Amino acid sequence: MRLYLLALNPTDSVTEGFLPAAARLGLDVTVLTDQPGPHRRTCPDIEVLECDVRDFRAVVALLSARHRPGAVFTNSDHLQTQAALAAAYFGLPGKDWRAALRCKDKAEMRRRLAAAGLDSVWSAELTEPAPLDAPYPCVVKPREGVAGEDVVLVDGPEDLVIRAEEILDRRPGSTLVVEEYLPGELYTLETLGDGRVRHVLGGFRTELSPPPYFVEERLTFVPAHPEPVVDQVLGQLDALGAGFGACHTEFVVHEGRARIIEVNYRNIGDQCDLLLARLLGIPLFELVLRTHLGEPLPAELGARRDGAALVQYPCADRPGTLTDAPDATDLTVDGVRLTYRPLRAVGERHALYRTNRDYLGVLRATGTGQETVDRAAAGFLATCRWEIRP
């Protein structure tokens, strides 16, 4: 059976998660991408075809001329609607394209939740810099953005105009969403469903960089959120129609009320999914693919619930060239398994982005007690050194 996987740039979720999982399932894989070179270098044994994957019509045309697909899948935020439409065209299991669109389009998500009577957030859309009579402080972000890129807190109309102009200069032709700032602690909820059953895998507590930016610097595993919180989030996902395959939902909790920030209709990324699979002891990537092959999920996943974990991202604090950094490392300290992977090569020069593109590396730590995990992670990072020169 052939799996067609839609992708933009290579990601750890695909190269270390889904492609090995597809091999274990015995699937033939073809990657469709608008960036074939990087994928061929990363995975030379996988068939890679160039395609305008942002256009579902191009995807359908290419698949129609080749082997009939057994499944069409993507883990990209930007390609969920296209993959859903292509899967529907060939009569294959997949996400409802309307749900994928509601999750991707942040303005549409707000309208849908308000129409369902579940949450009403002040928001507006901008296509050019303009002052707004808004409940400041507000958050400005691309309507279809991802990974905290160009997300910024503004404190008044003048600040809004300045920030909007900066973002639109970088993203000509884009539409921005301006919405009220939602106070509270930031969390995630990770779910996996097949359209019939939905499993809650747990979530993370997210620590951010100081305002006005929203860079995720550390995520601590939460085995189970309070039941009323989970019920509120799942109710909002139901209103969006997001119940098939993997779903990563970011939300805040304030005075017991859970309010969604955004829904990424895919696995959690930045190596958190790799950690989650190890921590829970389940074949997470295979399970996600099986749903797209039309296989029902088991009633119980058999996930472990006794683990503790965190993911931490050392970040660049200035532009320049990285001249010294630790190598990839795997070790165990006091029963805590530590996995460090560099995300930027020594010798590379970068601007300061104020997004996850500032990550220098990622540390994954798993164990059975949170204090021990925290201590082992802090001790390891204290021995590391990153040097950036202008």
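Go through the range 178-233 residue by residue and tally those that are among the charged types (D, E, K, R) and free of Cβ contacts under 8 Å to residues at least 40 places away in the same chain. If you could, list the steps in order and put the result at the bottom.
At the first step, the residues of the range 178-233 found to be among the charged types (D, E, K, R) are 179-180, 185, 190, 194, 196, 198, 205, 207, 216-218, 227, 231.
This time we only want the ones that are free of Cβ contacts under 8 Å to residues at least 40 places away in the same chain, so: 205, 207, 227, 231.
Total meeting the criteria: 4.
For the condition within 21 Å of the chain's Cα centre (by Cα), outside any helix (DSSP H, G or I) and modelled with pLDDT of 95 or more, what is the one hit in Leu6, Leu49? Show your work before the answer.
Working: Leu49 fails: within 21 Å of the chain's Cα centre (by Cα).
Residue meeting the stated conditions: Leu6.
Condition check ((1) under 29 Å from Asn9 (Cα atoms); (2) at pLDDT below 95; (3) not assigned by the TED database to the domain that holds Arg259) across all residues:
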residue	(1), (2), (3)
Thr81	yes, no, yes
Ala86	yes, no, yes
Trp97	yes, no, yes
Arg111	no, no, yes
Thr127	yes, no, yes
Lys141	yes, no, yes
Glu144	yes, yes, yes
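Mind checking whether some residue in the range 36-43 is part of a loop (DSSP other than H, G, I, E, B), modelled with pLDDT under 95 and farther than 21 Å from Arg196 by Cα?
Yes, the range 36-43 contains at least one residue that is part of a loop (DSSP other than H, G, I, E, B), modelled with pLDDT under 95 and farther than 21 Å from Arg196 by Cα.
Residues checked against (1) under 25 Å from the mean Cα position of the chain (by Cα); (2) over 20 Å from Leu219 (Cα atoms); (3) not polar (S, T, N, Q):
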position: Leu297; (1), (2), (3): yes, yes, yes
position: Arg304; (1), (2), (3): yes, no, yes
position: Val311; (1), (2), (3): yes, no, yes
position: Ala325; (1), (2), (3): no, yes, yes
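For the range 259-268, state whether one or more residues are of a type outside the set (Asp, Glu), open to solvent by 30 Å² or more (accessible area, probe 1.4 Å), part of a loop (DSSP other than H, G, I, E, B) and not assigned by the TED database to the domain that holds Val146.
Yes, some residue in the range 259-268 is of a type outside the set (Asp, Glu), open to solvent by 30 Å² or more (accessible area, probe 1.4 Å), part of a loop (DSSP other than H, G, I, E, B) and not assigned by the TED database to the domain that holds Val146.
Checking Arg318 against (1) open to solvent by 20 Å² or more (accessible area, probe 1.4 Å); (2) of a type in the set (D, E, K, R); (3) in contact with a Ser or Thr (Cβ under 7 Å, 6 or more places away or on another chain): exactly one of these is not met. Which one?
Of (1) open to solvent by 20 Å² or more (accessible area, probe 1.4 Å); (2) of a type in the set (D, E, K, R); (3) in contact with a Ser or Thr (Cβ under 7 Å, 6 or more places away or on another chain), only one is false for Arg318: (3).
Suppose the filter is acidic (Asp, Glu) and farther than 30 Å from Ala308 by Cβ; does Asp194 pass it? Outline the logic, then answer.
Numbers: acidic (Asp, Glu): yes; farther than 30 Å from Ala308 by Cβ: no.
It is false that Asp194 is acidic (Asp, Glu) and farther than 30 Å from Ala308 by Cβ.
State yes or no: is Thr291 crowded, with 17+ Cβ neighbours inside 10 Å and β-branched (Val, Ile, Thr)? Don't jump to the end; show me each part of the working.
Details: crowded, with 17+ Cβ neighbours inside 10 Å: yes; β-branched (Val, Ile, Thr): yes.
Judged against the criteria, Thr291 is a match.
Suppose we keep only residues that are hydroxyl-bearing (Ser, Thr, Tyr) and outside any strand (DSSP E or B) within the range 352-372. Which one would you say is least open to solvent (accessible area, probe 1.4 Å)?
Thr355
Conditions (1) closer than 22 Å to Leu287 by Cα; (2) touching an Asp or Glu at 6+ places or on another chain (Cβ under 7 Å), marked per residue:
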| residue | (1), (2) |
| --- | --- |
| Asp155 | no, no |
| Glu158 | no, no |
| Tyr181 | no, no |
| Gly193 | yes, no |
| Thr206 | no, yes |
| Pro211 | no, no |
| Leu234 | yes, no |
| Gly241 | yes, yes |
| Glu255 | no, no |
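Do we have Leu338 as free of Cβ contacts under 8 Å to residues at least 60 places away in the same chain and in a loop (DSSP other than H, G, I, E, B) here? Reasoning before the result, please.
Details: free of Cβ contacts under 8 Å to residues at least 60 places away in the same chain: yes; in a loop (DSSP other than H, G, I, E, B): no.
No, not satisfied.
So which residues in the range 9-25 are outside any loop (DSSP other than H, G, I, E, B), of a type in the set (A, V, I, L, M, F, W, C) and either touching an Asp or Glu at 6+ places or on another chain (Cβ under 8 Å) or open to solvent by less than 40 Å² (accessible area, probe 1.4 Å) (or both), if there are any at all? Walk me through how you get there before you give the answer.
From the range 9-25, those outside any loop (DSSP other than H, G, I, E, B) are 12-24; that's our starting set.
With the extra rule that they be of a type in the set (A, V, I, L, M, F, W, C), the set shrinks to 14, 18-19, 21-23.
Val14, Phe18, Leu19, Ala21, Ala22 - these are the residues of the range 9-25 that are outside any loop (DSSP other than H, G, I, E, B), of a type in the set (A, V, I, L, M, F, W, C) and either touching an Asp or Glu at 6+ places or on another chain (Cβ under 8 Å) or open to solvent by less than 40 Å² (accessible area, probe 1.4 Å) (or both).
Could you tell me which residue of the range 329-346 is nearest to the chain's Cα centre (by Cα), considering only residues that are over 17 Å from Asp270 (Cα atoms) and either among the aliphatic types (A, V, I, L, M) or surrounded by 16 or more Cβ atoms within 10 Å (Cβ to Cβ) (or both)?
By that ranking, first place goes to Arg337.
The values are calculated or read from the model by the stated rules, or taken from the named source; none is laboratory data. As the structure is a computational prediction, the values presented were derived from the model and not from experiment. Cβ atoms come from the backbone with ideal geometry, glycine included; neighbour counts cover every protein chain shown. With ligands, DNA and RNA removed, areas are computed over all heavy atoms of the protein, side chains included. Shrake-Rupley method; radii C 1.70, N 1.55, O 1.52, S 1.80 Å.
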